[in-house]
Amino acid sequence: GDAETAIGDAETGRADLRQRISLPIQTPYAGVKATPFVEARGTAWTETLQEGGDAARGGVRGGAELSTILHKVTGDGYLHTLAPRVSASADVMYEETEETPIPLDAIDDPYDGAIYEAGLRALWVRPATFENFDLDVRGILRTDRERGLEDRTELGVLTEYITRYGRGVGQIGLRHDGRYDMESGETIFSRRDRKSTRLNSSHANISYAV
């Protein structure tokens, strides 16, 4: 896809490994599920915003999430799903190098300090045509950050639309993933993709930048 970064076009490699242990608990309140969790994570990059450097992070976080799922079938055949959620977590241990990785997507977000998040995922699916629209919007507050960084409020948007074309012989999809600083109005990262898939073909994944 096409990514807008702080330094324009750039090439970088990264590895992100994480292990989460969680315990979903169904509450008696309107189908709400409470999920406490502990997560260990390590991330490394081959390129950074500083020339000639690489970057690495590692940490352990603990927190909890409250979530529920609501379903409705519309008159025109769509299955509509709403999934609101709120979560809070804090780092138990965190280490990072001084270099700053090139921000491409949410994987590059630092995971230090306390993170509070409220989000809503809305999904419309029409099974008969494989048509769907998926929208995930979240507000994020980051506090108690490392290296004296200020608290930051972010807006995250992830949306995808998929439909058929050519009498149903193929599918085409559009996808946008972005993160924005609500206080400064700056774009932290923005990615756009278009994917075309022809059914019953050996060439099943062809991506185009838009």
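Determine, yes or no, whether Arg175 is crowded, with 17+ Cβ neighbours inside 10 Å, touching a residue at least 40 places away in the same chain (Cβ under 8 Å) and more than 19 Å from Pro84 (Cα to Cα). Judged against the criteria, Arg175 is a match. Note on segment 66-96: among residues that are at pLDDT below 85 and hydroxyl-bearing (Ser, Thr, Tyr), the one that is nearest to His176 (Cα to Cα) is Tyr78. Report yes if some residue within segment 129-145 is of a type in the set (A, V, I, L, M) and either under 23 Å from Tyr94 (Cα atoms) or in contact with a Cys (Cβ under 9 Å, 6 or more places away or on another chain) (or both); otherwise report no. Yes, segment 129-145 contains at least one residue that is of a type in the set (A, V, I, L, M) and either under 23 Å from Tyr94 (Cα atoms) or in contact with a Cys (Cβ under 9 Å, 6 or more places away or on another chain) (or both). List pairs: first residue in segment 62-90 and within 30 Å of Asp144 (Cα to Cα) and hydroxyl-bearing (Ser, Thr, Tyr), second residue open to solvent by 50 Å² or more (accessible area, probe 1.4 Å) and part of a loop (DSSP other than H, G, I, E, B) anywhere in the structure, Cβ distance under 8 angstrom, at least six positions apart or on different chains. Pairs found: Thr68/Ala30. Only residues that are open to solvent by less than 40 Å² (accessible area, probe 1.4 Å) and in contact with an Asp or Glu (Cβ under 8 Å, 6 or more places away or on another chain) were counted in segment 163-172, giving 1. Pro127 meets each of the listed conditions (1) under 30 Å from Ile172 (Cβ atoms); (2) touching a strand residue (DSSP E or B) at 6+ places or on another chain (Cβ under 6 Å); (3) surrounded by fewer than 16 Cβ atoms within 10 Å (Cβ to Cβ) apart from (2). The criterion of at least 1 residues that are crowded, with 16+ Cβ neighbours inside 10 Å is met by the following strands (runs of 3 or more DSSP E) wholly inside segment 14-123: 14-22, 33-45, 55-67, 79-96. Determine if segment 132-154 includes at least one residue that is in a strand (DSSP E or B), in contact with a Pro (Cβ under 9 Å, 6 or more places away or on another chain), open to solvent by 60 Å² or more (accessible area, probe 1.4 Å) and at pLDDT 95 or above. Within segment 132-154, not a single residue is in a strand (DSSP E or B), in contact with a Pro (Cβ under 9 Å, 6 or more places away or on another chain), open to solvent by 60 Å² or more (accessible area, probe 1.4 Å) and at pLDDT 95 or above.
The values are calculated or read from the model by the stated rules, or taken from the named source; none is laboratory data. Keep in mind it's a predicted model, so treat the numbers as computed, not measured. Backbone-built Cβ (ideal geometry, glycine too); neighbour counts: all protein chains shown. Remember, those area values only see protein heavy atoms, side chains included, never the ligands or the DNA or RNA. Shrake-Rupley method; radii C 1.70, N 1.55, O 1.52, S 1.80 Å.
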